[in-house]
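The values are calculated or read from the model by the stated rules, or taken from the named source; none is laboratory data. In this text, all values refer to a predicted model and were calculated from it rather than measured experimentally. Don't worry about glycine lacking a Cβ; one is built from the backbone with ideal geometry, like all the others, and counts go over all protein chains shown. These accessible areas exclude ligands, DNA and RNA; they are computed on the full protein's heavy atoms, side chains included. Shrake-Rupley method; radii C 1.70, N 1.55, O 1.52, S 1.80 Å.
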Amino acid sequence: MSCALWLHNYGLSPLIIEQENALGGMARMSPYPNEWLLGQRGKTGRENAAEFAAHIHALGVEIWLGVSPQHLREEEEHWHLELGGEPAARSLSAAAIVIATGTRFAGEEWLDGVANARRMMAAGRLHLGATAVGEADADLGSHVAVIGGGDNAFDVSRMLAERGIRVTVIMRSKLPKAQPLLVQRLRGYQASGLVTVLAERTVAALEEMDSRVGIRLHGGGEIEADRVVLLFGYRPNTDQPWLCALAPATDALGYLVIDGNMETSCRGLFAAGDVANPAHPCIATAIASGAVAAQQVAKRLAYEHAAAAP
């Protein structure tokens, strides 16, 4: 949306393609206060996303919702994109493409590797990502098991403890991978006994125990909890066939590699937001990267137009 705003202000005609039924990406899923965005005090990520979308709609930027890229190829210095969706497949030609597919919650492999995990998820007792446990009307019971040792795991555990919910954090590593500040914030609740951190432990299986979940650990031991939350961080959305066919350079985790102008290894193919920013993913950096990509696109198109003039 940031990129489209800047392109619009440069007098260009951006088109946003979104496979969901609304704009906003991961921010639209966040019920948590976003304390890191200047000028947006007291608002949640969900509210931020709604305001951004309202801005884009008010500008009259063209938006195609509920459609997904099927094939992307370069031809005669333009990009040709074929899309699938309702009511019918469509295609378009564009001078530049900006990939802003973002990330998704990690943990699919864990769900497939732990006995009964998928069944517990279908029953609403296991949640992938932090969204569900942050909802105001969430019924979490009195004890939540948080699987993970990073920023999300420790920050969400603190928020749950602040609501008086007992938390058991189960992490594979010996030491937390969360930022020291987040670890420190949880220590007071550990001292009071409200939060327990189990290091160097992994889950072998989940079992249904009446209305609770039994969590059997490798190496022995079992925990009972009302809910289980998987907080393993994020994975970039770069594994779609249409994008893989172009083979843009990625890092070891699959994030798109870009230069200082947000351009990928494929000339004319740019990337903005979390899909190309594993180090500092957040709304603020996504907004900034979208602006940078738009500036470079506008600059290049202006140069090419001038060069082509008689």
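The table below lists the values:
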read-out: Residues of segment 238-250 satisfying the condition of being surrounded by fewer than 19 Cβ atoms within 10 Å (Cβ to Cβ) and within 17 Å of the chain's Cα centre (by Cα); value: D239, Q240
read-out: Selection within segment 37-58 - aliphatic (A, V, I, L, M) and surrounded by 13 or more Cβ atoms within 10 Å (Cβ to Cβ); value: L37, A49, A50, A53, I56
read-out: Pick from segment 74-96, criterion of a type outside the set (A, V, I, L, M, F, W, C) and more than 29 Å from T264 (Cβ to Cβ), ranking: surrounded by the fewest Cβ atoms within 10 Å (Cβ to Cβ); value: P87
read-out: Strands (runs of 3 or more DSSP E) wholly inside segment 192-310 that include at least 1 residues being within 30 Å of E75 (Cβ to Cβ); value: 234-236, 269-271
read-out: Segment 1-36, subset small (G, A, S) and in contact (Cβ under 8 Å) with a residue 12 or more places away in the chain, residue most open to solvent (accessible area, probe 1.4 Å); value: S13
read-out: Selection status of R185, open to solvent by 50 Å² or more (accessible area, probe 1.4 Å) and either of a type outside the set (D, E) or in contact (Cβ under 8 Å) with a residue 12 or more places away in the chain (or both); value: yes
read-out: Selection within segment 102-124 - free of Cβ contacts under 8 Å to residues at least 40 places away in the same chain and open to solvent by less than 50 Å² (accessible area, probe 1.4 Å); value: G124
read-out: Candidates D226, D210 - the one that is closer than 26 Å to A122 by Cβ, surrounded by fewer than 21 Cβ atoms within 10 Å (Cβ to Cβ), in contact with a strand residue (DSSP E or B) (Cβ under 9 Å, 6 or more places away or on another chain) and not small (G, A, S); value: D226
read-out: Among (1) part of a helix (DSSP H, G or I); (2) under 22 Å from P281 (Cβ atoms); (3) open to solvent by less than 80 Å² (accessible area, probe 1.4 Å), the one test that P176 misses; value: (1)
read-out: Unmet requirement for H80, which otherwise passes all of (1) in contact with a Lys or Arg (Cβ under 6 Å, 6 or more places away or on another chain); (2) in contact (Cβ under 8 Å) with a residue 40 or more places away in the chain; value: (2)
read-out: Given (1) over 29 Å from P281 (Cα atoms); (2) open to solvent by 70 Å² or more (accessible area, probe 1.4 Å), index of the condition A136 fails; value: (1)
read-out: Segment 212-234, residues that are in contact (Cβ under 8 Å) with a residue 40 or more places away in the chain and out of contact with any helix residue (DSSP H, G or I) (no Cβ under 9 Å at 6 or more places or on another chain); value: R212, I215, L217, I223, E224, A225, D226
read-out: Residue that is among the hydrophobic types (A, V, I, L, M, F, W, C) and surrounded by fewer than 19 Cβ atoms within 10 Å (Cβ to Cβ), where the choices are I99, I63; value: I63
read-out: Scan of segment 252-304 for residues that are of a type in the set (A, V, I, L, M), in contact with a Ser or Thr (Cβ under 8 Å, 6 or more places away or on another chain) and open to solvent by 40 Å² or more (accessible area, probe 1.4 Å), ordered by number; value: V257, I258, I287, A288
read-out: Of all residues making up segment 27-60, the number that are farther than 20 Å from G102 by Cα, of a type in the set (A, V, I, L, M) and touching a helix residue (DSSP H, G or I) at 6+ places or on another chain (Cβ under 8 Å); value: 2
